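What follows is a short report on a single structure.
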2 protein chains.
Amino acid sequence: MRRPTIMDIAKAAGVSKGAVSYALNGRPGVSEGTRKRILDIASDLGWAPSNPARALAAGGRVGAVGLVVDRPSRSLGIEPFFMQLVSGIETELSATGVDLLLQVTEDTDTELAVYRRWASERRVDGVVMVDLRVDDPRPAAVRGLGLPAVLLGGPGGAGDLPCLYTDDSSSVREVVRYLAALGHRHVVQVSGPEEFAHTVDRGEAFREAADRAGLAGAYSVHSDYTGEAGARTTRRLLAAAERPTALVYDNDLMAVAGLGVAAEMGVDVPSQLSIVAWDDSALCRLVRPSLTAIGRDVVGHGRQVARMLGRVLEGEPVASQESSAGELHPRGSTGPLVVSHVSAVTSE
Amino acid sequence: MRRPTIMDIAKAAGVSKGAVSYALNGRPGVSEGTRKRILDIASDLGWAPSNPARALAAGGRVGAVGLVVDRPSRSLGIEPFFMQLVSGIETELSATGVDLLLQVTEDTDTELAVYRRWASERRVDGVVMVDLRVDDPRPAAVRGLGLPAVLLGGPGGAGDLPCLYTDDSSSVREVVRYLAALGHRHVVQVSGPEEFAHTVDRGEAFREAADRAGLAGAYSVHSDYTGEAGARTTRRLLAAAERPTALVYDNDLMAVAGLGVAAEMGVDVPSQLSIVAWDDSALCRLVRPSLTAIGRDVVGHGRQVARMLGRVLEGEPVASQESSAGELHPRGSTGPLVVSHVSAVTSE
DNA sequence: TTGAAAGCGCTACCAC
DNA sequence: GTGGTAGCGCTTTCAA
């Protein structure tokens with residue numbers, strides 16, 4: 001039992017292939033009567049368009065977009081960000097019957113190779129890119145490949161790619177002011193790898209905000225988003241002579257790790273140490289104390305970026321858009337600084 | 001500048017399209033000399049096969065497989081399992097230039113609709129299925145669609161699908177014996193939704209093992225894998241008159257939530273309560289105390305299941321395979337039961 | 001409004 | 001070995 005083709009429908013309806021194609025695609029060229037008849041027959045036959053055939057025919061789309069995730073696989077599994085993003089992107093795509101190709105890579109070169117393959121083999125109509133880096137070669141590369149793309153991030157360094165970006169600096173300022181108001185002077189930012197553009201942005205915003213708030217003991221250290229590195233970094237910071245009283249992490253994973261290290265070292269949170277996480281996820285609400293975090297609507301961002309890509313594929317001019325800044329959700333991990341450093345009474 | 005086609009190569013080489021096709025696909029029909037010449041020209045021209053064309057031509061593959069993930073989106077984002085699985089599947093697929101289509105759905109009906117669409121529109125060559133349920137309609141559905149598939153789970157209830165399955169009962173027994181040896185009598189299993197086949201399996205294995213170990217106060221309660229539900233369930237259990245002394249969770253997310261609830265209720269882990277998580281992920285090592293967990297090689301499972309699907313697509317007969325059982329990683333969340341229920345000295 | 005026919009890029013079959 | 005050629009299922013142009 002072969003899959004029915006438009007030819008089968010044409011025969012059954014006693015019309016030509018062309019007429020069927022017009023009817024099925026809702027475009028002018030057939031009368032309403034014939035259209036309805038054709039549609040009925042198509043549904044009777046259980047017809048569905050062959051995607052390869054559609055893609056092959058003059059200028060057809062392949063009906064798929066790609067997303068490459070380039071992060072160390074250790075942190076990937078646990079990083080809530082991506083699945084949420086994927087979920088959002090798909091919500092939007094599924095409405096138009098477009099599929100999502102997901103690829104996980106180890107480094108930027110491999111990522112570029114994937115784009116090259118997708119473009120040359122005509123696997124996707126366009127891609128969504130994330131995690132813009134300093135001197136990122138990808139905007140130029142996809143441009144060179146003629147591969148339509150939108151970027152979640154930027155807009156600096158994105159070339160002429162349409163971006164969906166957030167102004168993190170206002171969130172950073174909010175956090176710094178909040179911590180300063182709680183009495184913290186010695187605030188340290190545990191940021192992501194310095195090659196990420198948003199890390200650089202947040203770092204600058206942090207220094208600026210700290211200066212403005214008069215926090216002399218504020219500085220940033222780089223880590224790599226994984227729990228292990230977050231733990232290591234935290235251990236070093238808490239073992240220093242001048243122990244920070246507040247830590248701001250660039251993602252929730254490192255923050256959770258930091259919380260664990262604080263517990264392990266007998267540093268009470270929040271009385272001796274306040275912790276702020278960047279990405280807010282269920283994780284932040286699960287641990288104790290729950291983590292104060294800056295939340296973004298990742299699913300919403302996924303939806304919006306998918307919508308932008310959709311418009312790019314339609315050939316419409318798409319301008320970069322700024323999305324709302326992350327919101328601070330104060331929870332149990334932040335509190336007023338307790339001046340005297342009484343060592344915690346551990347329960348033994 | 002058009003993409004080069006085999007016709008361009010044929011002209012440049014002064015041969016026919018057919019010859020080029022043979023040469024490019026490494027099959028007999030051309031002499032070694034011409035083959036080499038054709039290959040060189042193809043690479044000079046930067047030729048790459050058009051996937052839609054390949055798929056459309058007689059019996060061609062579309063070179064993509066699908067994975068549908070059907071879980072509440074709240075837990076999804078944070079559930080390390082899937083990204084690891086995806087990562088493993090892709091490692092294997094990328095070697096053969098096959099892409100992965102990922103779709104997140106809300107319920108089984110939507111999942112079935114996705115398979116139907118993928119099959120009828122020829123979007124994928126086959127699918128990987130996970131999370132087998134009791135009376136799962138999917139094996140029969142994909143069979144009816146003629147959609148090649150392999151299942152991670154089963155083999156009971158999988159019909160004639162090739163499965164990659166684990167015998168969880170031995171792991172369950174190991175955990176129960178371990179907890180019993182630590183002096184625990186009142187052990188409760190916080191399992192996933194009862195519609196999942198592996199939940200049923202583990203539940204039975206748990207009861208059996210508990211009986212054999214003489215644990216009178218052992219029983220199971222159902223939860224739904226999300227952190228929220230895990231927390232709620234734990235709260236209820238710890239508030240009961242007969243408080244359990246050990247909890248075994250069906251995934252790491254609920255276990256972390258349970259750990260948080262214990263802290264919140266002043267129940268010390270592990271002196272008053274031992275906690276075991278099922279899926280071992282970085283998360284288990286991040287929290288304090290770190291979680292004793294049963295770890296599986298999820299990435300490895302992904303690779304293997306992808307390999308099995310590959311063989312199915314080759315038309316080879318593929319038998320179900322049993323993968324190694326999960327291993328127990330004892331960490332800080334489990335310990336000997338401290339008999340007297342001294343309420344914890346909280347650090348205040 | 002309708003029908004016929006020409007590709008899209010590739011594979012596979014046929015004769016040569 | 002090799003070179004023509006007929007599709008795969010669809011879209012689209014061009015006549016009728």
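Measure nothing but the geometry: give the 0 to 90° angle between the long axis through the Cα atoms of B:227-239 and the longest principal axis through the Cα atoms of chain B, rounded to 10°.
Roughly 20 degrees, rounded to the nearest 10.
Could you tell me which of rounded, prolate or oblate describes segment B:168-295, using a ≥ b ≥ c as the square roots of the eigenvalues of the alpha-carbon gyration tensor, with rounded for a/c under 1.5 and, failing that, prolate when a/b is larger than b/c and oblate otherwise?
Numbers: a/c = 1.34, a/b = 1.16, b/c = 1.16.
Rounded is the answer for segment B:168-295, as its axis ratio a/c remains below 1.5.
Take peptide A:287-293, look around each residue's Cβ out to 10 angstrom, count Cβ atoms belonging to other protein chains, and average those counts.
4
Looking at the P(r) of the protein assembly as shown, how many percent of alpha-carbon pairs lie beyond 40 Å? List each step's numbers first, then the result.
Details: 95054 of 241860 pairs.
It works out to 39 percent of all Cα pairs.
In percent, what relative contact order does segment B:168-295 have, based on Cα pairs under 8 Å that are 6 or more apart in sequence? Display every interim value, and only then the final one.
Numbers: 227 pairs, mean separation 29.5, N = 128.
The value is 23 percent.
Can you list the distances in nanometres, one decimal and ascending, from the A:SER16 label point to the identical position in each other copy, with the point 7 Å along Cα to Cβ?
Copy-to-copy label distances at A:SER16, shortest first: 3.1 nm.
Provide an ascending nm list, one decimal, of label-point separations from B:GLY46 to the equivalent residue in each further copy; define each label point as 7 Å from Cα along Cα→Cβ.
When each copy's label point is compared with this one, the spacings are 4.4 nm.
How big is the convex hull of the Cα atoms of segment B:1-115, per residue, in Å³?
Spelled out: Cα convex hull of segment B:1-115, divided by residues, is 151 Å³.
Within a 10 angstrom radius of each residue's Cβ in A:95-106, how many Cβ atoms of other chains show up on average? Whole number is fine.
Partner Cβ neighbours, averaged per residue: 5.
Classify chain B: rounded, prolate or oblate, from the alpha-carbon gyration tensor (a ≥ b ≥ c, eigenvalue square roots; a/c under 1.5 rounded; otherwise prolate if a/b is larger than b/c)? The partial results should precede the final answer.
Working: a/c = 3.04, a/b = 2.64, b/c = 1.15.
In terms of gyration-tensor shape, prolate.
Projected area of segment B:6-48, taken from the Cα convex hull and averaged over every viewing direction, in nm²? Walk me through the numbers on the way to the answer.
On the way: hull surface 9.8 nm².
Taking the Cα atoms of segment B:6-48, their convex hull projects to 2.4 nm² on average.
Add +1 for every Lys or Arg and -1 for every Asp or Glu among the other residues with Cβ under 13 Å from the Cβ of A:ALA205, and state the total. All intermediate terms of the calculation are to be shown ahead of the outcome.
On the way: positive: A:ARG173, A:ARG177, A:ARG202, A:ARG207, A:ARG212; negative: A:ASP167, A:ASP168, A:GLU174, A:ASP201, A:GLU204, A:GLU208, A:ASP211, A:ASP250.
Residues close to A:ALA205 contribute a combined charge of -3.
When Lys and Arg each count +1 and Asp and Glu each count -1, what net charge do the other residues less than 13 Å away from B:ASP125, Cβ to Cβ, add up to? Write out the running numbers ahead of the final one.
Details: positive: B:ARG54, B:ARG61, B:ARG122, B:ARG123, B:ARG311; negative: B:ASP99, B:GLU121, B:GLU314.
Net charge around B:ASP125: +2.
Can you give the log10 of the normalised intensity I(q)/I(0) at q = 0.14, 0.15, 0.18, 0.24 Å⁻¹, computed with Debye over equal Cα scatterers of segment B:115-160?
-0.30, -0.34, -0.48, -0.82
If I take every Cα pair under 8 Å that is 6 or more residues apart in segment B:6-48, average their sequence separation and divide by the length, what percent do I get for the relative contact order? Provide the component values of the computation, followed by the final result.
Working: 38 pairs, mean separation 16.1, N = 43.
That works out to 37 percent.
If one computes the Cα centroid of segment A:157-182 and of segment B:171-224, what distance in Å separates the two points?
47
Which of A:SER290, A:GLY14, A:ALA325 sits farthest toward the positive end of the charge dipole of chain A, with +1 on the Cβ of Lys and Arg and -1 on the Cβ of Asp and Glu?
A:GLY14
To make sure I understand the rule: partners must be aspartates and glutamates, Cα under 20 Å from the Cα of A:LYS36, and not fewer than 8 residues away in the same chain. Which ones qualify?
Cross-link targets: A:ASP8, A:ASP44.
Restricting to Cα pairs below 8 Å that are 6+ residues apart, what does the relative contact order work out to for chain A? Please round to a whole percent. Before the final figure, lay out each step's value.
Details: 627 pairs, mean separation 56.7, N = 348.
About 16 percent, as a whole number.
With a 1.4 Å probe and all protein chains left in place, how much accessible area per residue does segment A:166-244 have, in Å²? Display every interim value, and only then the final one.
Values: 3470 Å² over 79 residues.
Per residue, segment A:166-244 has an accessible area of 44 Å².
Could you check the simple spin-label distance between B:GLU204 and A:ALA240, using points 7 Å along Cα→Cβ, in nm with one decimal?
5.8
Inside 10 Å of the C-beta atoms of A:113-122, what's the mean count of C-beta atoms belonging to other chains? Could the numbers behind the result be given before it?
On the way: counts 1, 2, 0, 2, 5, 2, 2, 8, 11, 8.
Other-chain Cβ atoms within 10 Å of each residue's Cβ, averaged: 4.
Rounded, prolate or oblate: which one fits segment B:57-131, using the alpha carbon gyration tensor with axes a ≥ b ≥ c (rounded when a/c is under 1.5, else prolate when a/b beats b/c, else oblate)? Numbers along the way, then the final one.
Values: a/c = 3.42, a/b = 1.33, b/c = 2.58.
Oblate, because a/c is 1.5 or more while a/b does not exceed b/c.
For the A and B pair, go ahead and give the buried accessible area with a 1.4 Å probe, both sides summed, in Å² to 100. Walk me through the numbers on the way to the answer.
Numbers: alone 16730 and 16740 Å², together 28800 Å².
The A and B chains share an interface burying roughly 4700 Å².
Along Cα→Cβ at 7 Å, what distances in nm separate the B:ASP160 label point from those on the other copies, shortest first?
B:ASP160 label point versus its equivalents elsewhere: 5.7 nm.
Any idea how far apart B:ARG212 and B:ARG3 come out in nm if each label point goes 7 Å out from Cα toward Cβ?
If labels sit at B:ARG212 and B:ARG3, their model points lie 5.7 nm apart.
Distance between the C-alpha centers of segment A:85-137 and segment B:86-115? Whole Å please.
15
Note the angle between two axes, namely the Cα long axis of helix B:197-212 and the longest principal axis of the Cα atoms of chain B, as a number of degrees from 0 to 90, rounded to the nearest 10.
Compared with the principal axis, the helix lies near 40 degrees.
If DNA, RNA and ligands are ignored and the probe is 1.4 Å, what is the ranking of A:VAL134, B:VAL20 by accessible area, most exposed first? Kindly include the intermediate steps, with their values, before the conclusion.
Working: A:VAL134 75, B:VAL20 0 Å².
Largest to smallest exposure gives the sequence A:VAL134, B:VAL20.
The values are calculated or read from the model by the stated rules, or taken from the named source; none is laboratory data. Quantities reported herein were computed from a predicted structural model and do not represent experimental measurements. Cβ sites come from the backbone with ideal geometry, for glycine too, and all protein chains shown count toward neighbours. Each accessible area value is taken on the protein alone, full model and side chains, heavy atoms only, with ligands, DNA and RNA left out. Shrake-Rupley method; radii C 1.70, N 1.55, O 1.52, S 1.80 Å.
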